[in-house]
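**Q** Sharing a structure below in structure tokens format, with a few things to ask.
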Amino acid sequence: MKRRDALKNVALLLGGAISATTMGVLFKSCTNPQESGEQINFSPEDRKLLADFADIVIPATKDSAGAKLAGLGEFIPMMITDCYPEKERSAFYKGMQEFRQKAISDYKKDFSAMTVEEKNHYVGSIREMVILQSTNSTDGLSPLKTFFILGRDLTLIGYFSSEIGCTQARAYVQVPGRYDGSAVLKPGQKSWAT
Amino acid sequence: MNINTNLKAENTYDAIVVGSGISGGWAAKELTEKGLRVLMLERGENIEHIKDYDTAMKNPWEFQHAGRLTEEQKSTHPVQKRDYPFQEANAKWWVNDLECPYTEDKRFDWYRGFHVGGKSLMWGRQSYRFGQANFEDDAKDGYGSDWPIRYDDLAPWYDYAEQFAGISGSKENWPLCPDGNFLPPMDLNIVEKTVKKRIEEKYNRERIMMIGRVANLTVPHKGRGNCQYRDLCSRGCPFGAYFSTQSATLPAAVATNKLTLRPYSIVNHIIYDKDTKKAKGVMVIDAQTQQTMEFYARIIFVNGSTLGSTFILLNSTSEAHPNGLGNGSGQLGHNLMDHHFKCGASGDATGFEDKYTYGRRANGIYIPRYQNIGHDKRDYLRGFGYQGGASRENWQDDVAELSFGSGLKEKMTSPGKWTIGLGGFGEMLPYYENKVYINHSKKDKWGQPVLAIDCEYKENEKKMRIDMMNDAAEMLESSGMKNVKTFDNECYPGMAIHEMGTARMGKDPKTSVLNKWNQMHEVSNVFVTDGSCMPSIACQNPSLTFMALTARACDYAVSEMKNNNL
């Protein structure tokens, strides 16, 4: 494959899809369970921080609630605890602490106390740092970057499998009863939740 | 020796069926309907139709881990987790690998489900007949042993199996994938219809594309409901809309009042009687209590899945059969095959932005084999078919890198682009050296030795994979698809869950284990009608062929019993 093609593919992967790490861990199950290591206890403050972070990734919009209301403050720590190997788990946890500290040193206040504009600016600055790495795997990345990548992945997965994500942000039909492969796309039609 | 004659009478049946999956369920149905008292033994737990499909009606948000596996599940299912079928929603169907290990001389992914219904609950449901050429290839090119039957021998039994199971599909008049007794086909979507038309025009109908023939009912059938287009089949269908032991064969067998089903019954070996030169029964380990017991019958159908059945036969040694029951040929355990897949091509379809789909169709398209037929000559033997389909994506790939916020949300909630993929399913040749054998150095949870698997693809398969990618790309490009890319996601034997061979049928007892009736050459009252019997595997999904072979063998066995030949 030519180098240009290779770069384009990485860019594509970095776009809509989630990271290679999460693909490996959650979708392909290609990681082997490692030694369980120390379990992490996410505190109520941690959960609040994660909910606020997730709400920046998927905010409330006019027709659907955001990630916070969809329960991402509980979902993210549960998934990190139950489904990720020790290495990613501890990097995520460490990165989350750095994320909290860096907000205080950069903005002189807790992330949760920041305005939406400040939060967007702050998360955007971390995103810029990650993009410069040109990788979609958390391998070898700093804890802060790992936190951003995995936190964003889990927000997307959790939100679009939540009741709010399925029934408000997307369209969900539990029992379609029939198949129409040439249906007319109506204006405002949301993509199907599955 | 202490013989409890009463117990012996209680434990004696006309027939024993080992296994309750697709072929075991068929054997139980056919034998009971012909008047035999049948004991069906299943090594795993009982699963009651509908009632035990715990997750069948759950919404996406009712799963704790959004459908994903936990580290705990990965640690107890190190093999099952290697590929996509094992998920949070259907986790209970897949074995705990630590309880029933096997050893791999070379990587072989062995996917198993121990419960009543076996893999009939999780199967892919694609149902294709083998064609005349598939039964002749072994004789023609010399790989494997010649099939002792031809298409015409099996055709009426395909009719019979399709009629009962309920297979939806379209008639195409394609000799390598013969038409059958179909329920109305599912619909192709707009992109698939377009691509079908363009391919068939471009190749002058020397290649065709059709909707998959699938064991999902498109209309109510024999008291079962039709498909509701939820695409959640692998959780078990509460409408009974796809063929499984539970939805179809088991109720038929139960209705005869002649079936005894015993779950938690691991058949350790078949008991051979050297005086009669027949099998007299089976030795069973109770999976819960570890107690052993014996059951007796006039005939035994072995339907424990390809490698499960072969393990039992290899483990059934006696003075007369030191290398496994009916293994005078030395072929038992050899010629293991599986389809190779996970390669092909995909592309984007443009011009259909005003169209979308409604409903979730648990089926795709099928392009039956066209290689090495007529003028089409390749530098390898036999060939492949394609499965795939078009869909409109949910997750757009044109969102900015690692973006977040309302823009990302907007993208993720509006229909994305149409894409289409074609994935090849290729025939693997039978090779004597691809084999399984018993490894006594390791034991399972019940103290049994384990199976060792030594199997690999060879040159013919590797060459075929190149065409599986290139032909797909060529067809997509010539149908006007954009951004066409080939892929080979790496495939290991076992991954198609179409493992076959290891107790092959054949004309000659010196080179095969079973005769043309799936009857052991050397032990006339033992029949093997699951995937282990296959002398070659074509490239079609095989379960329909197991159904037809089983019904045919049952018919023969019962007539032989009536004629006092068994």
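A short reminder: the numbers here are calculations on the coordinates, not readings from a lab. Quick caveat, the model's predicted, so the values are computed rather than measured. Positions of Cβ are backbone-derived with ideal geometry, glycine not excepted, and every protein chain shown enters the neighbour counts.
**Q** How big is the Rg/Rh ratio for the range B:326-417, C-alpha atoms only, Rh by Kirkwood, two decimals?
**A** Details: Rg = 21.9 Å, Rh = 18.3 Å.
With Rg and the Kirkwood Rh in hand, the quotient comes to 1.20.
**Q** If packing is taken as the average count of other Cβ atoms within 10 Å, what order do B:51-61, B:523-533 fall into, highest mean first? Walk me through the numbers before you get to the answer.
**A** On the way: B:51-61: 16.2, B:523-533: 28.3.
The packing order, highest mean first, is B:523-533, B:51-61.
**Q** Over the range B:190-248, calculate the relative contact order: mean separation of alpha carbon pairs under 8 Å at least 6 apart, over the residue count, as a percent. Write down the numbers at each step before the final one.
**A** On the way: 47 pairs, mean separation 13.2, N = 59.
Once divided by the residue count of the range B:190-248, the mean separation gives 22 percent.
**Q** Further question: Checking the cross-link filter: which aspartates and glutamates have an alpha carbon closer than 17 Å to that of residue B:92, excluding same-chain neighbours under 8 positions apart?
**A** Within the straight-line limit of under 17 Å, residue B:92 reaches these aspartates and glutamates: B:42, B:45, B:48, B:52, B:54, B:62, B:71, B:72, B:83.
**Q** Amide H neighbours of residue B:362 under 5 Å, at least 5 residues apart or on other chains, H built in the peptide plane: list them.
**A** Placed amide hydrogens put B:231 under 5 Å from residue B:362.
**Q** Further question: Helix-only estimate, please: 222 nm mean residue ellipticity of chain B, summing -39500 (n - 2.57) across DSSP H runs of length 4 or more and dividing by its residues, to the nearest 500.
**A** Values: 11 runs with 124 residues, N = 566.
Dividing the helical sum by the residues of chain B leaves -6500 deg cm²/dmol.
**Q** Now for a separate question. Please report the relative contact order for the range B:124-195, taking Cα pairs under 8 Å with a sequence separation of at least 6, and give it as a percent rounded to a whole number.
**A** Working: 73 pairs, mean separation 22.1, N = 72.
Here the relative contact order equals 31 percent.
**Q** Given labels modelled 7 Å from the Cα in the Cβ direction, how far is it in nm from residue B:201 to residue B:442?
**A** 5.5 nm
**Q** Can you tell me, using C-alpha contacts under 8 Å and at least 6 residues apart, the relative contact order of chain B as a whole percent? Mind showing how you got there, number by number?
**A** Working: 1326 pairs, mean separation 123.4, N = 566.
Answer for chain B is 22 percent.
**Q** If Lys and Arg each add +1 and Asp and Glu each add -1, what is the summed charge of the other residues whose beta carbon sits under 10 Å from the beta carbon of residue B:476?
**A** Details: positive: B:198, B:482, B:485; negative: B:348, B:471, B:474, B:477.
Combined, the nearby Lys, Arg, Asp and Glu give -1.
**Q** Calculate the spin-label point distance for residue A:178 paired with residue B:456, positioning each point 7 Å from the Cα along the beta-carbon direction, and give it in nanometres.
**A** Taking the two extended label points, one gets 5.4 nm.
**Q** Set the Förster distance to 25 Å, then compute FRET efficiency between residue B:8 and residue B:559 from the Cβ-Cβ distance, nearest 0.05. Present the calculation step by step, with values, prior to reporting the outcome.
**A** On the way: r = 27 Å, r/R0 = 1.09.
For R0 = 25 Å, the calculated efficiency reads 0.35.
**Q** Here's a follow-up. What is the mean number of Cβ atoms from other protein chains located within 10 Å of the Cβ atom of each residue in peptide B:355-365, rounded to a whole number?
**A** What the average comes to for B:355-365 is 5.
**Q** Test of understanding: ordering B:440, B:340, B:521 by Cβ neighbours within 10 Å, fewest first, what list do you get? Mind dumping the intermediate values first?
**A** Details: B:440 10, B:340 25, B:521 19.
By the 10 Å Cβ count, ascending, the order reads B:440, B:521, B:340.
**Q** In chain B, if the dipole is taken from +1 on Lys/Arg beta carbons and -1 on Asp/Glu beta carbons about the Cα centre, which of B:181, B:548, B:256 is farthest to the positive end?
**A** B:256
**Q** Could you rank the peptides A:141-149, B:98-106 by their average count of other C-beta atoms within 10 Å per residue, with the highest value first? Each step should come with its number before you reach the end.
**A** Values: A:141-149: 22.9, B:98-106: 15.6.
In decreasing order of mean packing, A:141-149, B:98-106 become A:141-149, B:98-106.
**Q** Run the reach check for residue B:140 against lysines, Cα to Cα strictly under 18 Å, same-chain hits fewer than 8 apart removed. What comes back?
**A** Counting by Cα, and skipping residues close in sequence, residue B:140 has these lysines nearby: B:377, B:507.
**Q** Evaluate peptide B:69-79: per residue, the Cβ atoms of other protein chains within 10 Å of its Cβ; return the mean as an integer. Don't skip to the answer; put the middle values down first.
**A** Working: counts 6, 7, 13, 4, 4, 8, 4, 1, 1, 3, 0.
The shielding value for this peptide is 5.
**Q** For an R0 of 30 angstrom, estimate the FRET efficiency from the Cβ-Cβ distance between residue B:275 and residue B:510 and round to the nearest 0.05.
**A** 0.75
**Q** What net charge do the residues around residue B:508 carry, taking every other residue with its C-beta under 12 Å from that of residue B:508, with Lys and Arg at +1 and Asp and Glu at -1?
**A** Residues near residue B:508 contribute +3 overall.
**Q** Here's a follow-up. So, how do all the Cα-to-Cα distances of the protein assembly as shown break down into 10 Å bins, in percent, from 0 on up?
**A** Pair shares across the bins are 3, 13, 22, 24, 19, 12, 5, 2, 0, 0.
**Q** Could you order peptides A:102-114, B:464-476 by the average number of other Cβ atoms within 10 Å of their residues, highest first? Please report the intermediate quantities before stating the final value.
**A** On the way: A:102-114: 14.3, B:464-476: 21.3.
Peptide ranking by packing, descending: B:464-476, A:102-114.
**Q** Could you tell me which of the pairs B:458/B:516; B:463/B:485; B:196/B:485; B:274/B:445; B:119/B:258 are separated by over 22 angstrom between their Cα atoms in the structure shown?
**A** Where the Cα-Cα span goes over 22 Å, the pairs concerned are B:458/B:516; B:274/B:445; B:119/B:258.
**Q** Per-residue Cβ counts within 10 Å, from other chains only, averaged over A:166-178: what number is that?
**A** Working: counts 3, 3, 1, 4, 5, 3, 3, 5, 7, 8, 10, 7, 8.
Taking all residues of A:166-178 together, the mean is 5.
**Q** Taking the Cβ of residue B:255 as the centre, find all other residues whose Cβ is under 12 Å away and add up their charges (Lys, Arg: +1; Asp, Glu: -1).
**A** Numbers: positive: B:29, B:222, B:258; negative: B:33.
Charge balance in the 12 Å sphere: +2.
**Q** Place a +1 charge on the Cβ of each Lys and Arg in the range A:40-109 and a -1 charge on the Cβ of each Asp and Glu, then give the dipole magnitude about the Cα centre in debye, rounded to the nearest 20.
**A** Details: 11 positive and 11 negative charges, 54 e Å.
The calculation lands at about 260 debye.
**Q** Next up: If R₀ is 41 angstrom, what is the calculated FRET efficiency for the pair residue A:163 and residue B:255, using the beta carbon separation as r and rounding to 0.05?
**A** E(calc), rounded to 0.05, equals 0.50.
**Q** Right, here's the next one. Please report, to one decimal in angstroms, the Kirkwood hydrodynamic radius of the range B:78-203 built from all distinct Cα-Cα pairs. Show your work: numbers first, answer last.
**A** Values: mean 1/r = 0.0539 Å⁻¹.
Its Kirkwood hydrodynamic radius stands at 18.5 Å.
**Q** Using only the alpha-carbon atoms of the range B:108-153 as identical scatterers, what base-10 log of I(q)/I(0) does the Debye formula give at q = 0.20 Å⁻¹?
**A** Relative scattering, expressed as log10 I(q)/I(0), comes to -0.80.
**Q** Select from B:210, B:19, A:23 the residue farthest towards the positive end of the dipole of the protein assembly as shown; place +1 on Cβ of Lys and Arg, -1 on Cβ of Asp and Glu, and compute about the Cα centre.
**A** B:210
**Q** Find how much the distance from residue A:104 to residue A:40 grows on full extension, using 0.36 nm per residue of separation minus their present alpha carbon separation; answer in nm with one decimal.
**A** Working: separation 64, 0.36 × 64 = 23.04 nm, distance 2.29 nm.
Full-extension gain reported as 20.8 nm.
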